[in-house]
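Data first, discussion second: the structure below is written as structure tokens.
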Amino acid sequence: MELDLLGSNVKISDDIKSWEEVNLLYNSALKQIMTKIEILNEEFQAVHRYNPIEHTKARVKVPESIVKKLKRNGYESTIENMVRYVNDIAGVRIICSFTSDIYRIAEMISNQKDIQVLTVKDYIMNPKASGYRSYHMIVALPVYLSDRIVNVKVEIQIRTVAMDFWASLEHKIQYKFEGKAPVHINSELYECAKMVADLDARMLSLNEEIQAISLGK
Ligand code: 0O2
């Protein structure tokens, strides 16, 4: 039996009853995706003698944050609504050095046969009003249990070290001011985001120049 935890055609109410079950499924999906990412990184290192991934982080969203998100979007706190409407219960963050790595990694993940890309939000091409830049994918992958296969959603955020540095501080500030930071802080953050984008572009261009010199030798 195959179950679908992907969205509108969810058939879960009879099969997933508890937070423990949700936790098991999303943790299993995270383990699988982390292994895939590790293998891709090692293969890339072996073939190209270069490591596109600096580091990765994975987490299952805590129940309080899931409930908050449901409430914010006007949904009741039920297991079914969690699975249907919260796309980032399982989340992976991939941090790399250069912007070009982000698209390389996204493509390698999308090319995996058992991964289905549900949505892509490219906040690098189209930064948020806050200045936030990152590449987001919601993917689905099958988790094999003893009696069934469940398709589980995972949010993958891919960004450079510099983008991550900015996003961490901005997140801390928004948390401290509960989303209502003073105007001058928001504009300073926005200016910093532009500097981060410029830094990323210059570092990429430097790296490309170095690579061209190495290839010429
Ligand atoms: P947390 O605490 O990081 O988990 P969706 O998740 O798709 O249903 P949304 O908000 O449209 O809803 O998704 P989007 O825009 O892809 O953003 C999802 C996540 O991206 C957020 O999760 C943040 O982690 C990150 N993010 C988005 N915008 C910003 C921003 O302006 N600043 C920072 N620092 N991070 C951002 P959560 O659940 O909001 O928060």
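Restricting attention to segment 41-99, report how many residues are in contact with a strand residue (DSSP E or B) (Cβ under 6 Å, 6 or more places away or on another chain), charged (D, E, K, R) and within 12 Å of the ligand (Cβ to nearest atom).
Final tally of qualifying residues: 4.
Name the residues in segment 57-116 that are within 30 Å of SER205 (Cα to Cα) and acidic (Asp, Glu), would you?
Selection gives ASP101, GLU107.
List every residue pair whose Cβ atoms lie under 7 Å apart, where the two residues are 6 or more positions apart in sequence or sit on different chains, the first residue falls within segment 102-113 and is more than 17 Å from THR160 (Cβ to Cβ), and the second residue, located anywhere, is assigned to a helix (DSSP H, G or I).
As it stands, the answer is GLN112/LYS36, since those pairs meet every condition given.
Filter segment 100-119 down to the residues that are in a loop (DSSP other than H, G, I, E, B) and farther than 15 Å from ALA29 by Cβ, then identify the one that is nearest to the ligand (Cβ to nearest atom).
Out of the qualifying residues, it is ASN111.
Sort out which residues of segment 166-194 are more than 11 Å from the ligand (Cβ to nearest atom), assigned to a helix (DSSP H, G or I) and touching a helix residue (DSSP H, G or I) at 6+ places or on another chain (Cβ under 8 Å), and write them in order of number.
Initially, segment 166-194 is screened for residues more than 11 Å from the ligand (Cβ to nearest atom), giving 176-178, 180-185, 187-188, 191-192, 194.
Of the ones still in play, those that are also assigned to a helix (DSSP H, G or I) are 176, 183-185, 187-188, 191-192, 194.
Hits for segment 166-194 are ILE185, CYS192.
Quick check, is SER134 hydroxyl-bearing (Ser, Thr, Tyr), without any contact (Cβ under 8 Å) to a residue 40 or more places away in the chain and under 18 Å from ALA167 (Cα atoms)?
Taking the combined requirement at face value, the residue satisfies it.
Test of understanding: among VAL150, VAL117, VAL154, VAL83, which residue is modelled with pLDDT of 95 or more and either surrounded by 20 or more Cβ atoms within 10 Å (Cβ to Cβ) or under 19 Å from ALA197 (Cα atoms) (or both)?
Working: VAL150 fails: modelled with pLDDT of 95 or more; VAL117 fails: either surrounded by 20 or more Cβ atoms within 10 Å (Cβ to Cβ) or under 19 Å from ALA197 (Cα atoms) (or both); VAL83 fails: modelled with pLDDT of 95 or more.
Unique residue meeting the criteria: VAL154.
Being among the charged types (D, E, K, R) and modelled with pLDDT under 95, is that true of even one residue in segment 88-96?
Within segment 88-96, none of the residues are among the charged types (D, E, K, R) and modelled with pLDDT under 95.
Within segment 55-66, identify whether any single residue is under 30 Å from ILE210 (Cα atoms) and surrounded by 12 or more Cβ atoms within 10 Å (Cβ to Cβ), and answer yes or no.
yes
Among the residues that make up segment 120-138, is at least one of them more than 10 Å from the ligand (Cβ to nearest atom), surrounded by fewer than 21 Cβ atoms within 10 Å (Cβ to Cβ) and over 30 Å from LYS194 (Cα atoms)?
The answer is no, given that none of the residues of segment 120-138 is more than 10 Å from the ligand (Cβ to nearest atom), surrounded by fewer than 21 Cβ atoms within 10 Å (Cβ to Cβ) and over 30 Å from LYS194 (Cα atoms).
Being surrounded by fewer than 10 Cβ atoms within 10 Å (Cβ to Cβ) and acidic (Asp, Glu) is the filter here, so list the residues in segment 167-181 that pass it.
Of everything in segment 167-181, just one residue is surrounded by fewer than 10 Cβ atoms within 10 Å (Cβ to Cβ) and acidic (Asp, Glu), namely GLU178.
The values are calculated or read from the model by the stated rules, or taken from the named source; none is laboratory data. Only a predicted model underlies this, so the values are computations on that prediction, with no experimental measurement involved. Cβ: placed from backbone, ideal geometry, glycine included. Neighbour counts: every protein chain shown.
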